[in-house]
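Step one of this worksheet: look at the structure below.
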Amino acid sequence: MNCSVFLVLFLIVSVLISVSSGSHQRAILRGIIKVNNNNKDGDFAIDLNSTNFDSILKETHAPYAIVEFFAHWCPACRNYKPHYEKVARLFNGPDASHPGIILMTRVDCAETINSNLCDKFSVGRFPMLFWGPPKKFVSVGWDPKQEKSEILPIENFRTADILLEWINKQLGSSYGFDDGKYEKEHLQSNTSDPGQIAKAIYDVEEATSTAFSIILDHKMIKPGTRASLIMFLQLLVAHHPSKRCRKGSADILVNFDDLCPSETMLVNNEEAESCSKKGELGNYQICGKEVPRGYWMYCRGSKNDTRGFSCGLWVLLHSLSVRVEDGESNMAFRRTCDFIHNFFICEECRQHFYEMCSSVSSPFKKARDFVVWLWSAHNKVNERLMKEEASLGTDDPEFPKAIWPPKQLCSSCYLSSRKTSKENSKIDWDEDEVYKFLVSYYGKELVTLHKDKEQKSGNQTEKIVTEELVASTHAVVVPVGAALAIAIASCAFGALAYIWRSRQKNRKYKYIYSLKNI
């Protein structure tokens, strides 16, 4: 048995036989936190998962616990982490001022092992915080329709000050951050290497599969969201840059009424079990059996909780936008907005994206309009996040948020750059040049460079990609097999998409199913 695992078990057992005095609580919490988190990046909240959730909460002597449910890929969760850790340090830290009163914990719902646990607590957005006696969390869950429960959702926790104020009201206490010592961490500045877009085809596939898995895991297909998913699947069938994702999306789409029949959904808007991962729909792999792989290439961050899925989803949206035609531009815009609004589980990000969508007053008439709007929206998100992450220390030092594209990628995109204040500068963009760059970058270069590499390499392709994966992940790589099947949009699926769109009003999926292999 690994020594660290043995030590964790030993410490948990120690909780059973320890007395409940403040000094013993302090020692126990120090030990558990040090082993579980190795005190990395100033972490004081205890990381729980489905294997230790009940045992740790059952055996703690703390009268209260807070459990945060989050996803490591969620930007809002990353930005909230310093606030949560600041409060956790008061109660959990090795030098905690008030040890043994509140056990502050967190659960990563993006980890597959925690899917059932997060589902049991009806986690419908990220982050979510719950308060209650630790033992009340054990072997139970939380239902928003439940009238009486000792587990309470914390509705307002946006900052450390607000969360501590809420705690003080619950306990009738007056704890303050001046009760302990806090150090400010400084960020290292560096620039990312954005020239690896050719590898992003893997990440677009993984982001698509991850998004579909999240939808099923959290049972997000409901009467009010069902149509939105169908329409986004149509967009994927027509314009996804990966051939196998187009095929997988089509397989799901033409069978959707059988896999997730609307008549089985309950009148009170609860989802049908068949529309979740446990139903027949969960047997479908939207991009093939070997995706997702569990690693990122173009979107790989220098830390485990940065970039990844959120980056991959942005690349997917951009790659879709540059493939639509003029007549589809407003449709693609609306379907993208509806998909993010209904299925992106990071609450703050979802709301911000929805506000940007709502600010568009006139329908898009040209494909250029949608491409440039999405690019502008992405920069607005980056601008917001770079300020938050810089102040909180949650950014990736190797890949800090930046206005995009940088001059080294598209010098012609810049007309001028002028200072508007000491802190801010305004860029005058040549949007025609930006549009040309985006179409090339997310269109031709995203896929074609890999196609060229395969043609030049012949049978050496698998070896080359495997070497790239080893360098990218610093880990043992399993055979990629079908993951090497990177292809340009085929005439067959273009024809299928056209026919599907022309017949979408009656949604006769079975009628076109035989055409998907033309």
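The values are calculated or read from the model by the stated rules, or taken from the named source; none is laboratory data. All values reported here derive from a predicted model rather than from experimental measurement. For neighbour counting, all protein chains shown are included, and Cβ atoms are generated from backbone atoms with ideal geometry for every residue, glycine included. When the accessible area is computed, the model is the full protein with side chains, heavy atoms only, and any ligands, DNA or RNA have been set aside. Shrake-Rupley method; radii C 1.70, N 1.55, O 1.52, S 1.80 Å.
The rows are residues; the columns are (1) open to solvent by less than 50 Å² (accessible area, probe 1.4 Å); (2) farther than 16 Å from Ser376 by Cα.
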| position | (1), (2) |
| --- | --- |
| Thr306 | yes, yes |
| Phe339 | yes, yes |
| Asn342 | yes, yes |
| Cys349 | yes, no |
| Glu355 | no, no |
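Pairing residues of the stretch 207-232 that are closer than 14 Å to Thr336 by Cα with residues that are open to solvent by 20 Å² or more (accessible area, probe 1.4 Å) and hydrophobic (A, V, I, L, M, F, W, C), at Cβ distances under 7 Å and at least 6 apart in sequence or on separate chains, gives no pairs at all. When you look at Lys81, is it at negative phi and free of Cβ contacts under 8 Å to residues at least 24 places away in the same chain, yes or no? In short, no.
If the condition is being at pLDDT below 85 and either open to solvent by less than 50 Å² (accessible area, probe 1.4 Å) or among the basic types (Lys, Arg) (or both), then the stretch 283-297 contributes Gly288, Lys289, Val291, Arg293, Tyr295, Trp296, Met297.
The set of residues in the stretch 316-327 that are in a helix (DSSP H, G or I) and either modelled with pLDDT under 95 or open to solvent by 40 Å² or more (accessible area, probe 1.4 Å) (or both) comprises Asp326, Gly327. Taking each residue of the stretch 335-360 that is farther than 15 Å from Cys109 by Cβ and looking for partners that are open to solvent by 30 Å² or more (accessible area, probe 1.4 Å) and hydroxyl-bearing (Ser, Thr, Tyr) with beta-carbon atoms closer than 9 Å, six or more apart or interchain, yields Cys337/Tyr354; Cys337/Ser358; Ile340/Tyr354; His341/Tyr354; Met356/Ser376.
Checking Lys366, Lys426, Lys436 one by one, the residue that is open to solvent by 20 Å² or more (accessible area, probe 1.4 Å), of a type in the set (Lys, Arg) and in contact (Cβ under 8 Å) with a residue 12 or more places away in the chain is Lys366 and no other. Residues of the stretch 417-435 that are polar (S, T, N, Q) and modelled with pLDDT under 55: Thr420, Ser421, Asn424.
Return the residues of the stretch 94-153 that are closer than 23 Å to Gln170 by Cα, assigned to a helix (DSSP H, G or I) and open to solvent by 40 Å² or more (accessible area, probe 1.4 Å); say none if nothing qualifies. Result: Lys135, Lys136. On the stretch given as the stretch 357-374, residues that are part of a helix (DSSP H, G or I) and more than 19 Å from the chain's Cα centre (by Cα) total 9.
Please work out if Asp258 is at pLDDT 90 or above, open to solvent by 20 Å² or more (accessible area, probe 1.4 Å) and more than 30 Å from Pro405 (Cα to Cα). So Asp258 does not fit the description; no. Looking at the stretch 391-410, I want the residues that are basic (Lys, Arg) and have a partner that is surrounded by 15 or more Cβ atoms within 10 Å (Cβ to Cβ) and in a loop (DSSP other than H, G, I, E, B) with Cβ atoms under 7 Å, at least 6 apart or on another chain. Which pairs are those? Between residues of the stretch 391-410 that are basic (Lys, Arg) and residues that are surrounded by 15 or more Cβ atoms within 10 Å (Cβ to Cβ) and in a loop (DSSP other than H, G, I, E, B), the close pairs are Lys401/Asp395.
Scanning the stretch 67-85 for any residue that is open to solvent by less than 10 Å² (accessible area, probe 1.4 Å), of a type outside the set (Phe, Trp, Tyr), part of a strand (DSSP E or B) and at pLDDT 60 or above turns up at least one such residue.
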